[in-house]
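The values are calculated or read from the model by the stated rules, or taken from the named source; none is laboratory data. What you see is a predicted model; the values in this text were computed from it and never measured. As a convention, Cβ positions derive from the backbone with ideal geometry for all residues, glycine included, and neighbour counts pool all protein chains shown. Note: areas computed on protein heavy atoms with side chains; ligands, DNA, RNA excluded. Shrake-Rupley method; radii C 1.70, N 1.55, O 1.52, S 1.80 Å.
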Amino acid sequence: HISVRDLVAQAMRLAETRNDVSVELVADPEIPKIWADSRLLRQVIENLITNALQAMSSGGVLTLTLLAAGGSTPGIELSIEDTGEGMDTAVRSRAFDPFFTTRQSGTGLGLAIVARIVDAHGGKLAIRSAQGAGTAMQLFLPIASEAAAQQRMRSGDSSPPRSTPVPPMPAELANALDPSQPRDP
């Protein structure tokens, strides 16, 4: 079991270096722990916060909302919202494509990897954004059971059907991201 609240608190430190960005955390008092890979989820949260900070080059407000989600699949919902430049429809539609970037120094892999990690955890990731109106990255992660979480992570596949609009990760990229795979010198 991991605490997403703790991961969010650690990742919020990324914004401490920015005097021109104020950070707001809105959280339910009771957030359930979930079965997940803490290292991978920390990567997801840090990447989404980094993207939000980059979108606010002139400063702004970063709002993180963490809620318990009931319903047919209990879990947690995390929204990371910025008041930055936002994305137009064309950029939003390609945001999860590997190697697509709007930044000169970007690789275009950040959101593609985030989407795969969320998908491997049986979660959902959505973008709400408009040009000039900021962006909200909305993430749902199920509580799941230890057995289900381990099976999904082992198989590298997310059953039930994929929840993100991205194609399966190419084997070469999956192997490059897997620290247990041997590397050529």
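Which of (1) more than 16 Å from residue 134 (Cα to Cα); (2) modelled with pLDDT of 90 or more does residue 61 not meet, given it meets every other one?
(1)
Among the numbered criteria (1) charged (D, E, K, R); (2) open to solvent by less than 50 Å² (accessible area, probe 1.4 Å); (3) over 17 Å from the mean Cα position of the chain (by Cα), which single criterion is violated by residue 37?
So residue 37 meets the others, but not (3).
For residues that are open to solvent by 50 Å² or more (accessible area, probe 1.4 Å), in contact (Cβ under 8 Å) with a residue 12 or more places away in the chain and over 18 Å from the mean Cα position of the chain (by Cα), tally how many sit in region 47-82.
4
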